[in-house]
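Chemist: Take this structure first; my questions come after.
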Amino acid sequence: MSSDDWSFETLAVRAGQHRSQFNEHSEALYLTSSFVFDSAAQAAARFSGEEEGNVYARFTNPTVTTMQERLAALEGAEACVATASGMAAILSAVMALMKSGEHIVASRSIFGATQQLFGTILPRFGIETSFVDAGSVEGFRAALRPTTRLVFIETPSNPLTEVLDIAAIAEVAHAGGALVVVDNCFCTPALQRPLQLGADLVIHSATKYLDGQGRVLGGAVCGPKPLTDEVFKFLRTAGPTLSPFNAWVILKGMETLAVRMQAQSTNALQLAQWLEVQPQVARVYYPGLTSHPQHALAMRQQKSGGAIVSFDVKGCREAAWRVVDNCHLLSITANLGDTKTTITHPASTTHGRISPEARAASGIGEGLLRIAVGLESPADIQADLVRGLS
Ligand SMILES: *Cc1c(COP(=O)(O)O)cnc(C)c1O
């Protein structure tokens, strides 16, 4: 049986491993910034690219290479380039593939730093972004220009878990000559594989579920080699490269990705169903619930509803903060993708810099709470919330 036939679970544990002369069982951590050559001629050949091999860790490092190969295998991608963080992945993709005068179409409800990058930094370099509502494929078509190079989406969206139709958006984007980039941070390849649905590139914040235990920053761009080669060329020159130590932590995190995502999704569904029948809860946002407006699409596109659950508490900010402040177990933090459950009040934290009007227009109310469900027992998570809800 060749590795081409291996299942996701097997690839998560085995893909990309290259053993050294010591025949180590667990992947080695090569904590080295540079590599030694046998001769002047070899040094010259490595630098010119005539001979394959490591030169300097801003370009390649064996531990980073292993992590890249494993993530590429999980995404079903030809190649992967690892970056220092999720934002470094997004910046590197834009810098590698775009030039001044070109245009991005992005869904409105993308990660806050991505909004800032597209909305305030890239315009200084002549790259404009049109933000469109997540729900309408027609909106994406209408926003396309002859100069549109990238259509950038995130699904499910944060914090309202709107599900975007990757295949339909890819069709529209490709008809307009644009590439489709999907930030797959929330689902990970364990639950959703955008390249199979027609996306051209997948972006990861490996900081979240790929590490899965809140330890290191990292990111990645996955896709066909002609595109990732461009990202690599930018990276080796500009430098937002992943540290080998972080690559090693993420690599070991990926070994448990499938079981974690499955268990955290199961816990999230149970929590969402419980929240739906709490009298103090006005509305629950979770793609795994049959009451979710895009439940059918989510179940077609994703393996499960994922591990993020949001809900509106009756009684606005005061009531929502009461729930947060009565949590003893859940961590009050905006981070997500950890085995430890976290709770956030988006209106006063992650989305606090947006005007109240714009926030209300995008459906992020004062009573909204977002929970990134971890691996604690669902009963303990509920007990922690019920104190503040009652
Ligand atoms: C966290 C996050 C990012 C940014 O990743 P960093 O590793 O923090 O740079 C990008 N997209 C999404 C959806 C995220 O949640």
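Chemist: Just wondering, is there one or more residues in the range 185-203 that are aromatic (Phe, Trp, Tyr) and either under 11 Å from the mean Cα position of the chain (by Cα) or near the ligand (Cβ under 10 Å from one of its atoms) (or both)? So that I can check it myself, show each step before the final result.
Modeler: Narrowing the range 185-203 to residues aromatic (Phe, Trp, Tyr): 186.
Filter again for either under 11 Å from the mean Cα position of the chain (by Cα) or near the ligand (Cβ under 10 Å from one of its atoms) (or both), leaving 186.
Among the residues of the range 185-203, at least one is aromatic (Phe, Trp, Tyr) and either under 11 Å from the mean Cα position of the chain (by Cα) or near the ligand (Cβ under 10 Å from one of its atoms) (or both), which makes the answer yes.
Chemist: Quick one: which residue in ARG317, ARG322 is touching an Asp or Glu at 6+ places or on another chain (Cβ under 6 Å) and in a helix (DSSP H, G or I)?
Modeler: On the way: ARG322 fails: touching an Asp or Glu at 6+ places or on another chain (Cβ under 6 Å).
Going through ARG317, ARG322 in turn, just one is touching an Asp or Glu at 6+ places or on another chain (Cβ under 6 Å) and in a helix (DSSP H, G or I): ARG317.
Chemist: Quick check on the range 46-53. Is at least one of its residues charged (D, E, K, R), closer than 19 Å to PHE234 by Cα, assigned by TED's automatic domain parsing to the domain that holds SER243 and part of a loop (DSSP other than H, G, I, E, B)? Can you show your working first?
Modeler: First, the residues of the range 46-53 that are charged (D, E, K, R): 46, 50-52.
With the extra rule that they be closer than 19 Å to PHE234 by Cα, the set shrinks to 46, 52.
Still in the list and also assigned by TED's automatic domain parsing to the domain that holds SER243: 46, 52.
Remaining after also requiring part of a loop (DSSP other than H, G, I, E, B): 52.
Yes, there is a match, as at least one residue in the range 46-53 is charged (D, E, K, R), closer than 19 Å to PHE234 by Cα, assigned by TED's automatic domain parsing to the domain that holds SER243 and part of a loop (DSSP other than H, G, I, E, B).
Chemist: Now a separate question. What single numbered condition from (1) touching a Cys at 6+ places or on another chain (Cβ under 6 Å); (2) away from the ligand (no atom under 15 Å from the Cβ); (3) not in a loop (DSSP other than H, G, I, E, B) fails to hold for ALA77?
Modeler: Single failed check for ALA77: (3).
Let's see how each residue does on (1) crowded, with 23+ Cβ neighbours inside 10 Å; (2) modelled with pLDDT of 95 or more:
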| site | (1), (2) |
| --- | --- |
| THR266 | no, yes |
| TYR286 | yes, yes |
| MET299 | no, yes |
| GLY315 | no, no |
| VAL324 | no, yes |
| ILE332 | no, yes |
| THR341 | yes, yes |
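Per-residue answers, yes or no, for (1) in contact (Cβ under 8 Å) with a residue 24 or more places away in the chain; (2) within 16 Å of the ligand (Cβ to nearest atom); (3) under 15 Å from LEU297 (Cβ atoms); (4) open to solvent by 10 Å² or more (accessible area, probe 1.4 Å):
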residue	(1), (2), (3), (4)
SER157	yes, yes, yes, no
THR161	yes, yes, yes, no
ALA168	yes, no, yes, yes
ALA173	yes, no, no, no
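Chemist: It is to be established whether one or more residues within the range 226-248 are aromatic (Phe, Trp, Tyr), within 15 Å of MET67 (Cα to Cα) and open to solvent by less than 20 Å² (accessible area, probe 1.4 Å).
Modeler: no
Chemist: With in a helix (DSSP H, G or I) and open to solvent by less than 30 Å² (accessible area, probe 1.4 Å) as the only criterion, which of LEU122, LEU150 stands out?
Modeler: LEU122
Chemist: Which members of the range 344-367 meet the condition of being in contact with a Lys or Arg (Cβ under 7 Å, 6 or more places away or on another chain), within 16 Å of the ligand (Cβ to nearest atom) and not in a helix (DSSP H, G or I)?
Modeler: THR344, HIS351, SER362 - these are the residues of the range 344-367 that are in contact with a Lys or Arg (Cβ under 7 Å, 6 or more places away or on another chain), within 16 Å of the ligand (Cβ to nearest atom) and not in a helix (DSSP H, G or I).
Chemist: Right, something else. Within the range 214-225, can you find the residues that are within 14 Å of the ligand (Cβ to nearest atom) and surrounded by fewer than 24 Cβ atoms within 10 Å (Cβ to Cβ)?
Modeler: GLY214, ARG215, VAL216, LEU217
Chemist: Another question, if that's okay. Given the condition over 17 Å from TYR285 (Cα atoms) and among the small types (Gly, Ala, Ser), answer yes or no: does some residue in the range 362-371 qualify? Please lay out each step first, then the result.
Modeler: Filtering the range 362-371 down to residues over 17 Å from TYR285 (Cα atoms) leaves none.
No, every residue in the range 362-371 fails to be over 17 Å from TYR285 (Cα atoms) and among the small types (Gly, Ala, Ser).
Chemist: Now a separate question. Return the residue satisfying two criteria in turn: it lies in the range 93-111 and is farther than 15 Å from VAL180 by Cα and within 12 Å of the ligand (Cβ to nearest atom), and of such residues it is most open to solvent (accessible area, probe 1.4 Å).
Modeler: Looking at the filtered set, the residue picked out is PHE111.
The values are calculated or read from the model by the stated rules, or taken from the named source; none is laboratory data. Predicted model only: the values in this text are computed from it and were never measured. We place every Cβ from the backbone using ideal geometry, glycine too, and count neighbours over all the protein chains shown. Accessible surface is based on the protein model in full, side chains and every heavy atom, while ligands, DNA and RNA are left aside. Shrake-Rupley method; radii C 1.70, N 1.55, O 1.52, S 1.80 Å.
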